[in-house]
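Note sheet for the following structure.
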Amino acid sequence: MAEQNRVIDADGHVRDSEAQIRQYLEAPYDKRERLGGGSRDGYDNTVGGTLGIREVDVNTWLDALDSGGLETAVLYPTGSLGSGFLSEPDFAVARSRAYNNFLSEEYMKVSPRFKGVALLPAQDPAEAVIELRRAVTELGMVGGMFAEGPRLYGKKEFHPVYEEAERLGTMIAIHGGGHLGGTGDEYLFDKFVQVHSLGHAFVQMKQFVSIIFEGVPAKFPKVRLAFLEAGCGWLAYMLDRMDERYGFRGEIDAPLLTKTPSEYVMDGNIYLSVEAEERLLPETLRIFGDNNFVYASDFPHWDSEFPENIQHLLAREDLTEEQRGKITRTNAQALYALS
């Protein structure tokens, strides 16, 4: 299938182990016994190591690109997805820098087919601005990301990060870890299938509501925002609720907004990744248009169905050829400013 060889993966993952990150940590942080960042709940999400691929390096990824028919992969962390829960701001800054240097050295410099998104230390927004600037201007990364954590990324303390992203002409992504960390809900469930059914979706809805209602797209209209790994079927449901409440309380609770949340999405600078099998995908495209949605492999995670997911997406008869092309290539080019 000719379309497949032109696919851009908008959300793939590296395996950034503690041992790998430690090599790039500056002193004295490199001597720490534990570097943090991973899941704390202990669930056996890989079912005894039978799901996903545990040992992954750049050669593993290059083979995946070729065997899966991908032209380019935009890479996000795995071990560092929990770094938003680190307590010490100075260590969070150092760990973010270490991860970004690791990604640059071990992937981006090996092949131009890999594009990196910088991990930003949410614990220190001022330092997040500095790291975003360094990652984009010095390391050549295509944007920055906030990982799951106990903070709401629409709050005013994070606005300088969006301001810098707008100045740089780059993007900011919100990426969860598939868990319910940082909330009381994480202690209510004792089966991972229940936690993971809610994890990504809840995290994205929470941050989406915060970022929109706190006026980020109104204040920084040129910033491209991505909400990744929760699919897109929740978007219409969430915006129905947000638009209605904006009608009742917008002037009081969301004074920066000048139009409904749905209209900000329709402006075209807010992107979501899709799941290949989503039943609501065609209807979501009908409501919002087909410029806001991107393909994500999620390789090499335990729940990734790559390369079957791209094969399924490209074979869907309820999508037009133009829609498939936008989801698997054109929209990712726009999100990440790729040529």
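The values are calculated or read from the model by the stated rules, or taken from the named source; none is laboratory data. The structure presented is a predicted model; accordingly, all values stated were derived computationally and were not measured. All Cβ positions, even for glycine, are placed from backbone atoms using ideal geometry, and neighbour counts span all protein chains on display. Areas reflect the complete protein model, heavy atoms only, side chains present, ligands, DNA and RNA absent. Shrake-Rupley method; radii C 1.70, N 1.55, O 1.52, S 1.80 Å.
Net charge near Thr260: determine it from the other residues with C-beta under 12 Å of the C-beta of Thr260, scoring Lys and Arg +1 and Asp and Glu -1. Summing Lys/Arg as +1 and Asp/Glu as -1 gives -2.
Legend: P(r) of region 248-327 from all alpha carbon pair distances, 10 Å bins from 0, whole percents, reading 16, 40, 25, 14, 5.
A simple spin-label model places the labels of Leu62 and Thr330 3.3 nm from each other, with each point 7 Å out along Cα-to-Cβ. Taking all protein chains together and rolling a 1.4 Å probe, Val193 ends up with roughly 110 Å² accessible. Which one of Phe299, Ile327, His312 is farthest out on the positive end of the charge dipole of region 293-337, using unit charges on Cβ (Lys, Arg +1; Asp, Glu -1) and the Cα centre as origin? Sorting the options by dipole projection puts first Ile327. Once the 1.4 Å probe is applied to the protein heavy atoms, the chain comes out at 43 Å² accessible per residue.
Give me log10 I(q)/I(0) at q = 0.14 Å⁻¹ for the chain, Debye formula, one equal scatterer per alpha-carbon, no solvent. Rounded to two decimals, the profile gives -1.16.
Of the GluC sites (Glu not before Pro) found in region 256-339, those that fall in a DSSP loop while having at most 13 other beta-carbon atoms within 10 Å are Glu277, Glu317.
Structure remark: mean-square fluctuation, Gaussian network model of the chain, C-alpha springs under 10 Å; the largest value among Gly140, Gly247, Gly231 belongs to Gly247.
Largest GNM mean-square fluctuation across Thr328, Thr258, Thr78, computed for the chain with C-alpha springs under 10 Å, falls on Thr258. For region 182-339, the Kirkwood radius over C-alpha pairs fed into Stokes-Einstein at 25 °C and 0.890 mPa s yields D = 146 µm² per second.
Out of Ala19, Gly149, Leu198, whose Cα points farthest toward the positive end of the dipole of the chain (charges: +1 Lys, Arg; -1 Asp, Glu; placed on Cβ)? Of the options given, the answer is Gly149.
log10 I(q)/I(0), Debye, Cα-only region 285-339, no solvent, q = 0.12 Å⁻¹? Rounded to two decimals, the profile gives -0.30. Only the Cβ atoms of Lys and Arg (+1) and of Asp and Glu (-1) were treated as charged; on that basis the dipole of the chain about its Cα centre amounts to roughly 760 debye. Which whole-number percent gives the relative contact order of the chain, counting Cα pairs below 8 Å spaced six or more residues apart? Relative contact order of the chain: 19 percent. Cross-link reach is defined here as a Cα-Cα straight distance under 28 Å, omitting same-chain residues fewer than 8 places apart; for Lys222 the lysines meeting it are Lys115, Lys155, Lys156, Lys206, Lys259, Lys326.
At q = 0.17, 0.24, 0.31, 0.32 Å⁻¹ the log10 of I(q)/I(0) for region 225-272 amounts to -0.53, -0.93, -1.17, -1.19, computed by Debye summation with a single uniform scatterer per C-alpha, solvent ignored. Carbon and sulfur atoms: what percent of the 1.4 Å accessible area of the chain do they account for? Using a 1.4 Å probe with all protein chains present, the chain comes out at 50 percent carbon and sulfur.
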